[in-house]
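One structure below.
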Amino acid sequence: MLEFTAPLFLALQQTTGLNFSPFFDEYDLGRLMTGVQTSLLLILCVLAVSLVVGLLGAAAQRSRFWVLRFLVATYIAVFRNTPPVVQLLFFYFGLGAFTPQVDMGGWYEPMISSFGWAVIALGIFGGSYNVEIFRAGIEAVPKATSEATEALAFSPMQTFVHVTMPLALRFSLPALASNLISLAKTTSIAYVIAVPEMTYALSGVWNDRLNVGEMMTLLFVYYIAVVAIISVIMGQLEKRLSVPGLGK
Amino acid sequence: MTTEYTEAWAPDQPIIDIRGLHKSFGTFEVLKGIDLSVHQGEVICIIGPSGSGKSTLIRTINGLTPINKGQIFIEGQLITGPKFDRLALRRRVGMVFQQYNLFPHRTVLDNVMMAPRLVLKEPKAEVRDRARALLAKVRLADKENHYPGELSGGQQQRVAIARSLCMRPDMMLFDEVTAALDPETVKEVLTTIKDLASEGMTCVLVTHEMGFAREIADRVVFTDGGRIVESGPPAQIFGDPQDARTKQFLSQVL
Amino acid sequence: MKTMMAMITTVAIAAGSSFAPTSLRAQENNAETLSAVMERGVLRIGVLGAFKPWAFRAQDGTLQGIEVDLAKRVAESLGVEAELVEVTSANRIQFLEQKRIDLIIGGMYDTASRREVVGIIEPGYWASGPSLMAREGAIESWDDVAGKPICAKQGVIYNQLIETDFGARLMAFAGNAEGKEALRSGKCVAWFYDDSSIAADLATGDWEGFEMPVDALFVNPWAAAVPIAEKDGAFGKILSGLIYGWHEDGTLIGLQEEYDLQSTAWLANMHDSFAYDRTFLAD
Amino acid sequence: MTNAVSTTRTRSTVPILLGAALLLASLAIAYLATSHIAKGPDDSPLKVLGRWIPFILEGFTLNILMSVLAMILATVSGIGLGFLQISNAVIIRQPARFVTRVFRNSPWLVILFAIMLMVPFEITLPHFGTVMIPGWVKATIGFTLPVMANIAELLRGAVASIPTGQWESAESLAFSRMQTMRHVILPQCIRRMLPGWMNWFALLTLMTPIAAILGVNEALGNTQAAMESAGSSPDLLIPFYLFLMSIFFIFIYPVSVWTKRLERRFAAT
């Protein structure tokens, strides 16, 4: 790839002074590629964890046990009202100190890497918003619908799985899309615990090459593209799940 | 048809037997002692001013609304006791609501098939055949792949009736099923109910359609203030009401 | 030696108080900073904030340390107030370019690429080189880091080396505190940073069970820096003279002792080679 | 009303108690987690924390200052941008939408980096001479931009949600577009925007610690500096970070509770 881009971007640098080093310098290209891969994987994992946490939380909120409901309420209150950066640092440095170490053949590494902690911390952070979104979705399902299922002898579980959840999911989609997008953007703060995602990778490049403007432009383009991709996927999902006459 | 359900009950006994029923919401007493029995194949219309407890009464019959005092027997079984299996009851008693309450994310055919498949775990092919037959019966065979949102209110209400019938209930409860409909679609729903009644289905209806009540009811029950004021054959209630309140009510609605 | 002599002469001229006005006027085109500083009465020096014992926050919130000391000395020599601006290694050059600060005294290596963008003041006032801090016995030689996670700090110039030359996996944190904490809690096998800083950490007694198992990869002077246009202007010359003086009169070695740092060969050499032979003063 | 459904409704009117309980719990956890590894009674992590609390709180005032200033700037500029977005002229509308889009879709940290590194630290104004922009001011600008874009979007959404009948009836009364906007549409929009606006304030405040990454001495930066100065002992981490989370929580939680109440009240009407 480098042999195609290098002449072009070297010429660009000579004529305009714009230094897009990842497109002609092998080391910087490596950083960029690691950055893209790590960032995409991080976003994917964080979104997945946040969705699972959100669903579990929303289900737990409907539990008959007040202790469980109180725990979920506490979880939401704490994670939605404290800074995500501090949460991340707290998880990584605070709780990370108590995780066991794994023998890597002569040296030890923590069982949960900085990437792992970023997934956990950001997933839980994003999940606290998803719980509320799913709850709102569930509350938007007309009560009369579950009345009908009751009259038809559905069990509460059957009602939840076959009627409430499918409807709640559809009602939640727009809010969910915007939360997932904002969560994907928030993954950039994994920078503080040295996860080699995009912001980390490119800041490394501009520290060494002093090409802040160029790398910043790349960074903006990257995140706008990521947001666009998530919007498209969520839009497609909304379209596929859309049912004539529902939600209009 | 109902032998596996109860042995003590014989078809000549009341299929629904309500005794001394009381129900309060908070401090407000909605039902102040209702006694009502319905026999198999009977069509009962409950009429009365709004707030008189008609809807609450019909909802207690399949346990949607828990009661405070009294007893309800369905096919000889006490359903108001603590240990009663409500799900088993609801398989026997079909109910249709004012707001059709179809599942908007499922097609018409799926709506009809869902309960027998999930609750009764019946084989798919069998349920599908029955569902199609029922949709044909409510004259909606051509709409089976439509979604509820694409249908008119009257059509949705007929799907709701088919959906209930697909559970093969022994009796049907109709809670003001035409109240939310446009006038032009009321008739198609009433026709469906009439067909059902003429086939011998036990039906209890809460309705504001006096003409319809007069036409199909075996017995009309007038409730007011949480009590049954009077009941009797439609000719008697509409033609020669005994109680002053009945007279006044009928003079307002007729 | 010839250049050294030339330098000293120029510095002497530049710093000589009676000649200052003339020389300032002569250097007008590249004396912007100095005149701005004098006019303002405030010298803004960029120092690191979490870089013990060179620059760090004391409990009362004030900045203290060797570099802070030096920064104040510069201001004092110019007869202006010192305004300390906390910078990070990732932003100090930008700060200087944008004229937010007049001068960097912030643990910055003198390198060829930096000489292209900022005015590096000769001589350096300190020197160090990249080394490792690790749990005792964990690392024996530089080759031991291959394939292992190594903590470092964002924006340190030699970070790249440990990946390219030794095949380690670099984990760079925004601040030293986080990087060292990551080492302590076992997130990486070593902390890759300056030997001087590591020695300072080990000297505090807070790092029992840790060691500096390898020699520095190289020894690199730390230089103060001014905007590139000022390097050969009055401001650059004055600084150069001041730093020369600190070597010569033992100020730097004194600070090394004051802050309980291990004495380094580099400072001693500088002191020896700059020392002015005053024996002739003896009667 | 059936039992199965009613459980979802019974929630969340214990906010203040919950907050207090959380704070106590976090301090208790901090104490339990650290007391047994403390070196001695004089040097326990909580004692160390106690000594540094004024320094951390001093940093926290900067967080509040940044968030309040950024919110004011973002509200004014966001409303302006929002109006540009719904302008009738394409030439105004399109650039406004583009700006909104860029700032809504970029991470806070990236915007902050961009502002911190690419905006000069000193500007020359015609009458004031050279003015220096301190780091926290630049950070404030960096925080303003994403909030501005989102407030613009809030405004656009709120205006769009006003039924067209309102516009038509105002038009039939011979109101100009500006008059309609001022006297009919905006008063209704403010009500609709309020919960969203408060949400953004909370979010903004919670993002301010990222300024520490770029060297602003706010609460997080001061917390890290404090731990470093206190000998960066590992048993400081949990109490220090928990304390930091607690002060943000105490500040933001009432805002969230209030926002939720407003949301519910507006949803009800």
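The values are calculated or read from the model by the stated rules, or taken from the named source; none is laboratory data. Quick caveat: nothing in here was measured; it's all calculated off a predicted structure. Every residue, glycine as well, gets a Cβ built from its backbone with ideal geometry; the counts of neighbours run over all protein chains shown. Surface areas here come from the heavy atoms of the whole protein model, side chains and all, with no ligands, DNA or RNA. Shrake-Rupley method; radii C 1.70, N 1.55, O 1.52, S 1.80 Å.
Side notes on the structure shown:
- Checked against (1) open to solvent by 20 Å² or more (accessible area, probe 1.4 Å); (2) over 23 Å from residue D:105 (Cα atoms), residue A:159 passes all but a single condition, namely (1).
- Residue C:233 vs. criteria touching a residue at least 60 places away in the same chain (Cβ under 8 Å) and touching a Leu at 6+ places or on another chain (Cβ under 9 Å): yes
- In segment A:174-189, the residues that are open to solvent by less than 10 Å² (accessible area, probe 1.4 Å) and either touching a strand residue (DSSP E or B) at 6+ places or on another chain (Cβ under 8 Å) or facing another protein chain (nearest Cβ under 7 Å) (or both): A:188, A:189
- Close pairs from segment D:172-201: first free of Cβ contacts under 8 Å to residues at least 40 places away in the same chain and of a type in the set (S, T, N, Q), partner surrounded by 13 or more Cβ atoms within 10 Å (Cβ to Cβ) and not in a helix (DSSP H, G or I), Cβ under 7 Å, at least 6 apart: D:188/D:162
- From D:237, D:244, residue being at the interface with another protein chain (Cβ under 8 Å from one of its Cβ atoms), without any contact (Cβ under 8 Å) to a residue 12 or more places away in the chain and open to solvent by less than 30 Å² (accessible area, probe 1.4 Å): D:237
- Checklist (1) at pLDDT below 90; (2) away from chain D (no Cβ under 14 Å); (3) surrounded by 15 or more Cβ atoms within 10 Å (Cβ to Cβ) applied to residue A:8, failing item: (3)
- Just so you know, in segment C:228-283 the residues that are among the polar types (S, T, N, Q) and part of a helix (DSSP H, G or I) include one that is farthest from the chain's Cα centre (by Cα), and it is C:279.
- Selected residue (only one of A:154, A:171 is farther than 30 Å from residue C:154 by Cα, within 9 Å of another protein chain (Cβ to nearest Cβ), over 20 Å from the mean Cα position of the chain (by Cα) and among the aromatic types (Phe, Trp, Tyr)): A:154
- Residue that is nearest to the other protein chains (Cβ to nearest Cβ) [pool: residues in segment B:132-166 that are open to solvent by 10 Å² or more (accessible area, probe 1.4 Å), closer than 23 Å to residue B:91 by Cα and among the hydrophobic types (A, V, I, L, M, F, W, C)]: B:165
- For segment C:44-122, the strands (runs of 3 or more DSSP E) that sit wholly inside it and include 1 or more residues that are surrounded by fewer than 18 Cβ atoms within 10 Å (Cβ to Cβ) are C:81-87.
- Subset of segment C:182-211 [assigned to a loop (DSSP other than H, G, I, E, B) and either small (Gly, Ala, Ser) or buried (at least 20 other Cβ atoms within 10 Å of the Cβ) (or both)]: C:185, C:186, C:187, C:188, C:189, C:205, C:207, C:209
- Taking the listed residues A:145, A:99, A:74, the one that is modelled with pLDDT of 90 or more, among the β-branched types (Val, Ile, Thr) and surrounded by fewer than 22 Cβ atoms within 10 Å (Cβ to Cβ) is A:74, with no other qualifying.
Residue-by-condition table, conditions (1) within 14 Å of chain C (Cβ to nearest Cβ); (2) assigned to a helix (DSSP H, G or I); (3) of a type outside the set (D, E, K, R):
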site	(1), (2), (3)
D:182	no, yes, no
D:200	no, yes, yes
D:210	yes, yes, yes
D:213	yes, yes, yes
D:226	yes, yes, yes
D:231	yes, no, yes
D:252	no, yes, yes
D:257	no, yes, yes
D:263	no, yes, no
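- Condition check for residue A:53: out of contact with any Lys or Arg (no Cβ under 9 Å at 6 or more places or on another chain), crowded, with 21+ Cβ neighbours inside 10 Å and within 8 Å of another protein chain (Cβ to nearest Cβ): no
- Residue match in segment A:33-42 (condition: open to solvent by less than 20 Å² (accessible area, probe 1.4 Å), without any contact (Cβ under 8 Å) to a residue 60 or more places away in the chain and more than 17 Å from the chain's Cα centre (by Cα)): no
- Meets criteria (surrounded by fewer than 22 Cβ atoms within 10 Å (Cβ to Cβ) and either more than 10 Å from every other protein chain (Cβ to nearest Cβ) or not in a helix (DSSP H, G or I) (or both)) for residue A:224: no
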